[in-house]
1. Examine the stretch A:63-80 for a residue that is over 30 Å from residue A:375 (Cβ atoms) and without any contact (Cβ under 8 Å) to a residue 40 or more places away in the chain, and state whether such a residue exists.
2. Regarding the stretch A:214-222, can at least one residue be identified that is within 20 Å of the chain's Cα centre (by Cα) and under 29 Å from residue A:107 (Cα atoms)?
3. Determine whether residue A:352 is within 16 Å of residue A:259 (Cβ to Cβ) and at pLDDT 95 or above.
4. Consider residue B:98 against the criteria (1) within 14 Å of another protein chain (Cβ to nearest Cβ); (2) surrounded by 23 or more Cβ atoms within 10 Å (Cβ to Cβ); (3) farther than 22 Å from residue B:14 by Cβ: it satisfies all of them except one. Which criterion is unmet?
5. Taking the stretch A:107-132 only, how many residues are assigned to a helix (DSSP H, G or I) and free of Cβ contacts under 8 Å to residues at least 60 places away in the same chain?
6. Given the conditions (1) under 23 Å from residue B:146 (Cβ atoms); (2) buried (at least 24 other Cβ atoms within 10 Å of the Cβ), report the number of the one that residue B:225 does not fulfil.
7. Within the stretch A:70-83, count every residue that is within 28 Å of residue A:257 (Cβ to Cβ) and within 11 Å of another protein chain (Cβ to nearest Cβ).
8. What are the residues in the stretch A:1-49 that are assigned to a strand (DSSP E or B), within 14 Å of chain B (Cβ to nearest Cβ) and in contact with a helix residue (DSSP H, G or I) (Cβ under 6 Å, 6 or more places away or on another chain), if any?
């Protein structure tokens, strides 16, 4: 019998999150207050985040305890299987051993509830009654709706308009869990109305949706804002993925040579990769690859500098790779990867050569997705497909070089709500975009002049 | 730590299917040849089914070995978890212990690939190049597409038109796995064209779609027909569900007082229930409930007699509960439960008092689905929701009677492709239907006069 799935039981779930910061040579630069260029005080951040999460955001400790109440919800679907992709290996005729961590088994269908549950919990503990957020492809908005429903919080989601139209059933899922959802830009906020007035046909962007969600949180009582990626605490919460994977590799006496994840804000990538990055920082030879879309090439073509996290300039300044806070990427199908910036911890990892970014065209991603669906069975989300495309490249390279590499990637989400995109790909109706260098340069010219 | 999921490892997967027939007092009546009223010969059946499956169809043995090649595919998602629904218990304030067998974790999202993989395998072994089938909600068509893709067979699916329109992304999923799909009635067959001519706006029915798929198989070289429910061998293949569940109950030293499944043709119900029915036949006190929609009340209002399995009268005559082979049920959202007949083994179980049928209104099913989604997290298919509605009834009864019953049900499929139905329910736009008694009586008046 083939042993495809390496399974941990509930008692083997990690009970601490990993914080990468103590393993970096240089800690990430602080968030800056755009009004004066000084580091943001926790008190100012506390307008939109609960203190429990801000403490984690600033924590210098390598390990953070996971409260029992969070673990009890996570065991609804965790530990997740680490799967040996025998059928994909066969389809690619590769000597490489390919594994994937299947994060699509959560109720919302992705890794996102790993942090959504934690964020809803800390907000609930501090008496917050309502959370607002943005969502790209809808995975994050679904996850936060699910988590808020569990802990009895109200929830409102601003979903990037192009994704709202491409994936109508994310809305239904969010309603089923009792939350509200609006396409962004919306008429619900000043930021949304201003952008709609200038450009009524805008596809929207994560940067705009963040502006709307932050404004909504600031303007309403007992409401805080919740972010699905980018920030340190979000990435910490996701490390449970890689920590489980390490235990699972021990069970089969294997260890990856190559670790792959797709990067939008960076949270699913960090979740799998950071626990292995600690080994790399300690001198172990591991290749760690973050894949991003060619059409939104933040890591490969962005500038590493201070910029706003959102379009309307409501967030603190964050030092990260950025394409400019008002850059609006083409409407590719991987909505979760359409972000102008990236997590500061990802930028730090790139600076310290702990990982390498790689850009992928969306047709190559869809092609890899079909190969995966027709071998392993599961249909991946377009975001996840950008990771699979890199895995396919590396597996073919291993074949050409005759090397038996061990590759692991994060299967961050299923594509059940992205089937219209598959329709278009199968009909030959999906195009690639060149790097939109002119638009990027225009947006970069509008970068804030603070903290450079 | 709550132990929600009772997990078996791959080596604990059952290696034999259970055949209920030897445990019945009276074996089910034979299929009859409509041309002469005599029992169908295997040779005639072999026009549309491979001998490997016909042998299982006629087998008197209580156990049938599962070939290694089938087990290797099944371990892509099997054994499936048996889940203790702590959060649902809490939401219902019941002293009952509720468990569900989560069959939604397969790549197509339901129990259906348990038999699709087996059927594709036996056809492949006998050199068949192409399979045809019908599908209601799309779960079965997806599963057969998935299985045919795995074993390198071509596949064509006729999908009941109302479901094709309600669930457009099942089509995309089927295309992703490389199969063809047409809404039924279609212009691809004589049966389809004849019905379209009489009633161009028909919502279609499983009976019509079966006629089209059978005709297609008969008319094409090296093509056979595959059925997703009703027949003995299909039900045998599903018993792996209940056989796993029994092992899982042993691990937690529990055993069900009540077993629940929804019944369209009867295969997911049989899959969970038959292994427990053997204990009931041996005198153990277990209540086994099959739930069906009020709008298509085959078991509760049908007649137990010989009838065709399809509308165009192409199948053998089958002794079963039936509403008449040309009865077209209202377009309820549980498309998989819109069948005029039921498996002969289910009819036999009803006759021998081994189970009790119960009819459920679709709004009650959707209400139960929302309760489940907001407690356990996972969003159920509308078919599965008919089982959940019975579980809710029984859990509330246990509370009222102060009894700590153990209830298990088959979570046969997720609702990711049924979200438009949730939209309509949440908008208050779903109605119930009375028993369509007049239409049933008209259809029953047209029953064949053979074998009564």
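The values are calculated or read from the model by the stated rules, or taken from the named source; none is laboratory data. For clarity, every value in this text was computed on a predicted model and none was experimentally measured. Cβ atoms come from the backbone with ideal geometry, glycine included; neighbour counts cover every protein chain shown.
1. Yes; the residues of the stretch A:63-80 include at least one that is over 30 Å from residue A:375 (Cβ atoms) and without any contact (Cβ under 8 Å) to a residue 40 or more places away in the chain.
2. Scanning the stretch A:214-222 turns up at least one residue that is within 20 Å of the chain's Cα centre (by Cα) and under 29 Å from residue A:107 (Cα atoms).
3. yes
4. Only one criterion is unmet by residue B:98, namely (1).
5. Here the count works out to 4.
6. All conditions are met except number (2).
7. 4
8. Within the stretch A:1-49, just A:6 meets the criteria.
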